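Just below is one structure, and these are the notes that go with it.
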Amino acid sequence: MTAKLIDGKKLAAHIRQECAGRVRALAQTGVVPGLAVILVGDDAASAVYVGNKIRACEAVGIRSFTDRLPASITNEELLARIEELNGDESVHGILVQLPLPAHIDMDRVLETIAIDKDVDGFHLYNVGGLVTGSTVFSPCTPYGVVKLLESEHIPIEGQNVVVVGASNIVGKPMALMLMARDATVSICHAKTRDLAQYTILADILVVAAGVPNLILPQMVKTGAVVIDVGINRLPDGRITGDVDFEGVRWRASAITPVPGGVGPMTVTMLLENTIKSAERAAGIDPGARNILSSAA
């Protein structure tokens, strides 16, 4: 058996076409979706990621800009800038690029972003809403994974799902989103003993551990769906995921490549969330205000 490739680039391109159409529809109401990206310091990798997001916004018609702030900025100064953006009606989404300098209180920063502009889905309300089903914006990477599964008509309900990696950004919200779709979910992490005894039981295996080639063929059940969220740069410069792709593809029924799988979907879901926020601001979703008011 050779696994079917789940093409994230193809799906992302399709969704971005839909996004562009929604932006054009909003323009007829006088609303242009706006995304503010805050970049603190001069981390090279972060600058590349921000550049990719800005270009993706431009491609679908979202007005975006990067607020470049010095690494020496204080907590209070950064929080004050976020509050300014919270009050700017032309800004529908606020994204603070992570990681932040060590002296910055990341939790305070993320909690200061207005709930209805938290397009990264990292605010406590949005994270907690994954438990109750009342989240405003889902975190972009797990959201993208769900879209990939749905696009391939892969059943989630009743399936055994194993998530490898328990981060607040991917692993934990991923588990909650799949549980909400009636999957039976196990979360594994760095302290899990005998990882293979869990992964071998998975109908759907989602790997987001940040360890190159962590998942070997013998750890995967024949016919499983494997979603590789990992992006790792090897010493020779090549990009690889957390899964031994060449080995596992002969056991899995479907698998995401790295690059070209989950990565393009993460940025695309950021666009989706930003447009959704603008649509709510324009009154296109009349129920949104009620949801947000209940969080106040």
Contour minus Cα-Cα span, THR132 to THR2, at 0.36 nm per residue, comes to 43.0 nm
For segment 149-273, what relative contact order do you get, as a whole percent, if you take Cα pairs closer than 8 Å and at least 6 residues apart?
-> 20 percent
Points 7 angstrom from Cα along the Cβ direction at TRP250 and LYS10: gap in nanometres?
-> 2.4 nm
When the C-alpha atoms of segment 148-290 are aligned to their principal axes, what extent does each axis show, in angstrom, from largest down?
-> 52, 38, 29
For segment 4-139, how big is the tail of P(r) above 26 Å, as a whole percent of Cα pairs?
-> 28 percent
How high is the relative contact order of the chain, in percent, counting Cα pairs under 8 Å that sit 6 or more residues apart?
-> 23 percent
Going by how many other beta carbons lie within 10 Å of each one, how would you line up SER46, SER72, SER134, fewest first?
-> SER72, SER134, SER46
Label point 7 Å out from GLN17 along Cα-to-Cβ: which residues of segment 61-96 have amide N under 19 Å?
-> 61-62
What shape does segment 1-56 take by its C-alpha gyration tensor, where a ≥ b ≥ c are the square roots of the eigenvalues and a/c under 1.5 counts as rounded, a/b above b/c as prolate, and the rest as oblate?
-> oblate
Between ALA47 and ASN86, what length in nm is gained on full extension when 0.36 nm per residue of separation is reduced by their alpha carbon distance?
-> 11.8 nm
Compute the long axis of helix 140-151 from its Cα atoms, compare it with the longest principal axis of the Cα atoms of the chain, and write down the angle in degrees, 0 to 90, nearest 10.
-> 60 degrees
Choice from LYS191, LYS172, LYS221 with maximal GNM fluctuation in the chain (Cα, 10 Å cutoff) | LYS191
Within 10 Å of each residue's Cβ, count the other Cβ atoms and sort ASP120, ASP105 from fewest upward.
-> ASP105, ASP120
Average Cα contact separation per residue, segment 1-130, under 8 Å, 6 or more apart, as relative contact order % | 25 percent
Per Stokes-Einstein, at 37 °C and 0.692 mPa s, what whole-number D in µm² s⁻¹ belongs to the chain, with the Kirkwood radius over Cα pairs as the hydrodynamic radius?
-> 165 µm²/s
When ASP236, ASP228, ASP116 are arranged by how many other beta-carbons sit within 10 Å of their Cβ, fewest first, they go ASP236, ASP116, ASP228
Starting from the amide H of SER186, placed 1.01 Å from N in the peptide plane, find each other amide H under 5 Å away whose residue is 5 or more places distant or on another chain.
-> VAL161, VAL162, VAL163
Tell me, in nm to one decimal, what length is gained between GLN218 and LYS191 on full extension, where the rule is 0.36 nm per residue of separation less the Cα-Cα distance?
-> 7.7 nm
Calculated FRET efficiency for the pair ARG233/ASN75, C-beta based, R₀ 45 Å, to 0.05 = 0.90
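Where a number appears in this text, it was derived from the coordinates with a stated rule and is not lab data. All values derive from a computational prediction rather than experimental measurement. Here Cβ is always computed from backbone atoms with ideal geometry, including for glycine, and neighbour counts include all displayed protein chains.
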